[in-house]
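The values are calculated or read from the model by the stated rules, or taken from the named source; none is laboratory data. Bear in mind the structure is a predicted one, so any value in this text is a computation, not a measurement. Don't worry about glycine lacking a Cβ; one is built from the backbone with ideal geometry, like all the others, and counts go over all protein chains shown.
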């Protein structure tokens, strides 16, 4: 059985892929790659993924 946390991650990944596809069409190539990196950092394991883990593990953000 897939956890709620994993279900949320999977839903988010699908939307990130769509966002990046649209952005790739709209943003000049030289600017797209930095944008892609920021999006993946913010919504990946080091960003939103950590936040989501904290929520599901009952931990709170310190300093925010």
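Answer yes or no as to whether residue 54 is under 10 Å from the mean Cα position of the chain (by Cα), closer than 26 Å to residue 4 by Cα and either surrounded by 10 or more Cβ atoms within 10 Å (Cβ to Cβ) or modelled with pLDDT under 90 (or both). It is false that residue 54 is under 10 Å from the mean Cα position of the chain (by Cα), closer than 26 Å to residue 4 by Cα and either surrounded by 10 or more Cβ atoms within 10 Å (Cβ to Cβ) or modelled with pLDDT under 90 (or both).
Among the residues of segment 16-30, those that are surrounded by 11 or more Cβ atoms within 10 Å (Cβ to Cβ) and either without any contact (Cβ under 8 Å) to a residue 24 or more places away in the chain or outside any helix (DSSP H, G or I) (or both) comprise 19, 20, 23, 24, 27.
Can you run down the residue pairs with Cβ atoms below 8 Å, 6 or more apart or on separate chains, where the first is in segment 42-56 and in a loop (DSSP other than H, G, I, E, B) and the partner is loosely packed, with under 13 Cβ neighbours inside 10 Å? Correct list of pairs: 47/41. One residue stands out among those in segment 29-46 that are over 16 Å from residue 15 (Cα atoms) and under 18 Å from the mean Cα position of the chain (by Cα): the one that is modelled with the lowest pLDDT, which is 46. Does residue 8 qualify as being surrounded by 10 or more Cβ atoms within 10 Å (Cβ to Cβ) and either outside any helix (DSSP H, G or I) or over 9 Å from the mean Cα position of the chain (by Cα) (or both)? Yes: the conditions hold for residue 8.
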